[in-house]
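One structure below.
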Amino acid sequence: MNDLSPKNKTPLYRGEWEVFLQKILHSEFAPKWNANIGDRIERDDYIFVKNFEKELLNYKSETFQNFSPDFEWLNRTKFSSNFYFKHLSGRNNKEKFSSIPFTTREDLQSHLTEIIPFDEHLTRMVINPTSGTTGQPILCPNHPKSIGCYVPLIKYSLLKHGVILDEAPDKTIAIQLCYQKETIVYATYHSLSNGATFAKINLDPDSWRNENHIDLFINELKPEILTGDPYSLESAMKKGILYKPKAIHSTALYLNQVLKKDLETHFQCPVINSYSLNETGPVAYSCPVHTEWMHILPHDLYVECIPTNNDSIGEIVVTGGRNPFFPLVRYKTGDYGEMDFSPCECKDPSPKLKLIEGRKPVYFLNNKTETINPVDVARILRMTDGIYQFQVIQKTILNFEVNLSVSEKFQNKEMDGLKEKFLNLFGHKTNINFNTKFTLNGKKVIPFINEIIPKDNELVI
């Protein structure tokens with residue numbers, strides 16, 4: 001088990017951090033660890049993140065004046081990225097900002113090497129493939145220092161809900177809950193949290209020597225907060241996990257208000273919804289007063305809602321960020337919402353955002369009526385060569401329709417392998433109807449549909 005210590009991947013490692021982590025790794029209730037993850041934070045990265053935190057708190061103070069793009073950043077981006085040089089030519093000023101062409105998901109897939117600034121050293125680059133559920137993933141390049149900025153952003157959202165973290169080497173700052181057939185499971189310490197530990201666990205029974213150990217392990221670690229997507233959090237509630245953290249931080253997917261209230265009742269703590277993209281990191285967090293709204297979180301990210309029908313609802317578009325390898329200029333997220341610039345009782349001066357059409361994949365059911373995470377379905381499809389875009393529809397318990405947009409190299413042998421993986425996931429009595437004539441229309445496709453769940457009782461995650 002000693003080879004799972006992340007000290008060689010944690011440049012600011014201190015020996016006293018190891019004591020508590022080893023207790024976690026060797027716990028009799030521990031999951032089946034399968035990864036070794038360190039934060040890769042170096043001294044300069046640490047200073048960068050701490051300065052970012054100061055700027056964030058200053059921006060969020062009562063002296064907040066306006067919400068606008070960073071035109072100095074746009075000017076630097078214009079002269080360091082071949083892709084954006086054309087986009088920003090004559091437009092990187094306040095008067096002409098709205099005329100800047102949008103950046104699309106297809107641009108990120110097809111022109112990544114032109115988007116990456118040519119004056120950046122690539123030795124610190126980390127690749128984070130998008131885990132989204134629509135189409136092929138984007139290979140998002142990132143830097144440890146920009147990933148490290150998640151810490152102050154999450155801490156600020158917790159602070160606004162009355163939660164202050166105890167960051168110490170003998171504390172577990174958070175446990176991230178997942179519920180997938182396959183995912184990495186690890187424990188580590190974090191330089192930006194004074195060496196406090198962090199663990200990612202999988203609620204799937206196969207990830208444990210004994211399924212009863214899940215609740216025992218969480219209670220043994222006593223994490224300050226629990227994090228996870230709504231699917232995993234609901235699964236934890238249904239499994240009867242009784243631990244009461246200071247707060248729950250819901251990430252990645254749309255959190256239904258009904259589920260939010262049930263989670264708060266079960267875990268007896270605030271549940272903070274967040275809107276986050278792999279391309280940007282955290283974008284917004286739920287207002288403690290108006291819980292259906294979310295405040296824009298980072299001070300270096302400009303958010304627009306571009307209306308489609310002359311009303312307040314529009315596609316969410318983002319500009320800026322702190323990732324040196326991945327500048328985003330008017331990037332169309334494919335998500336929809338509306339914005340409110342009026343003052344808020346919670347005293348956060350940033351505009352509010354309400355997701356209107358977030359990423360809302362529904363549960364699938366196998367032939368034993370057990371729920372299946374759509375992330376597992378997405379993984380199968382993404383790992384099959386030649387699939388451009390997909391849509392999976394559950395017609396009945398035993399009948400699925402899978403619509404695919406495929407390349408010319410997609411062959412029958414891929415189809416045979418794909419069908420076998422689906423049957424292993426949903427049961428061998430399941431009928432899978434594949435359609436490879438799926439037409440791309442340029443719009444964001446609803447990737448997962450369950451027609452056997454009535455709309456009024458839709459299990460949205």
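Quick notes on this one:
- Filtered residues of region 16-32 (kept if among the aromatic types (F, W, Y), closer than 24 Å to Y150 by Cα and open to solvent by 20 Å² or more (accessible area, probe 1.4 Å)): F20
- Tally, over region 102-112, of residues that are over 19 Å from R76 (Cβ atoms) and either buried (at least 17 other Cβ atoms within 10 Å of the Cβ) or at pLDDT 95 or above (or both): 4
- Selected residue (criterion: farthest from W208 (Cα to Cα)) from residues of region 10-38 that are out of contact with any Pro (no Cβ under 7 Å at 6 or more places or on another chain) and acidic (D, E): E18
- Any hit, region 139-159, residues being within 28 Å of M294 (Cα to Cα), of a type in the set (D, E, K, R) and touching a Leu at 6+ places or on another chain (Cβ under 8 Å): yes
- Residues of region 377-424 satisfying the condition of being out of contact with any Pro (no Cβ under 8 Å at 6 or more places or on another chain), in contact (Cβ under 8 Å) with a residue 60 or more places away in the chain and surrounded by 16 or more Cβ atoms within 10 Å (Cβ to Cβ): V377, R379, I387, Q389
- The residues of region 49-71 that are buried (at least 18 other Cβ atoms within 10 Å of the Cβ) and more than 30 Å from C178 (Cα to Cα), listed by number, are K60, P69.
- In summary, helices (runs of 4 or more DSSP H) completely within region 70-164 and bearing 2 or more residues that are more than 30 Å from I37 (Cβ to Cβ) and free of Cβ contacts under 8 Å to residues at least 24 places away in the same chain occur at 71-78, 82-88, 105-110.
- Residue match in region 131-153 (condition: at pLDDT 95 or above, among the charged types (D, E, K, R) and more than 18 Å from the chain's Cα centre (by Cα)): no
- Long-range neighbours under 7 Å by Cβ, at least six apart or interchain, first residue within 19 Å of P223 (Cβ to Cβ) within region 17-43, second loosely packed, with under 15 Cβ neighbours inside 10 Å and among the β-branched types (V, I, T): A35/I184
- The single condition among (1) within 25 Å of F217 (Cβ to Cβ); (2) out of contact with any His (no Cβ under 6 Å at 6 or more places or on another chain); (3) surrounded by fewer than 19 Cβ atoms within 10 Å (Cβ to Cβ) that K86 does not satisfy is (1).
- One residue from E458, E357, E451, E370 being charged (D, E, K, R), over 25 Å from the mean Cα position of the chain (by Cα) and either modelled with pLDDT of 90 or more or open to solvent by 30 Å² or more (accessible area, probe 1.4 Å) (or both): E451
- Residues within region 412-448 that are at pLDDT 90 or above, in a strand (DSSP E or B) and of a type in the set (A, V, I, L, M, F, W, C), tallied: 2
- In region 167-181, the qualifying residues are those that are assigned to a strand (DSSP E or B) and within 18 Å of the chain's Cα centre (by Cα), and the one that is modelled with the lowest pLDDT is C178.
The values are calculated or read from the model by the stated rules, or taken from the named source; none is laboratory data. On a predicted model such as this, the values are computed, not experimentally measured, just so you know. Cβ coordinates were reconstructed from backbone atoms using ideal geometry, including for glycine residues, and neighbour counts include every protein chain displayed. For the accessible areas, the whole protein counts, side chains as well, though only heavy atoms, and no ligand, DNA or RNA atoms are used. Shrake-Rupley method; radii C 1.70, N 1.55, O 1.52, S 1.80 Å.
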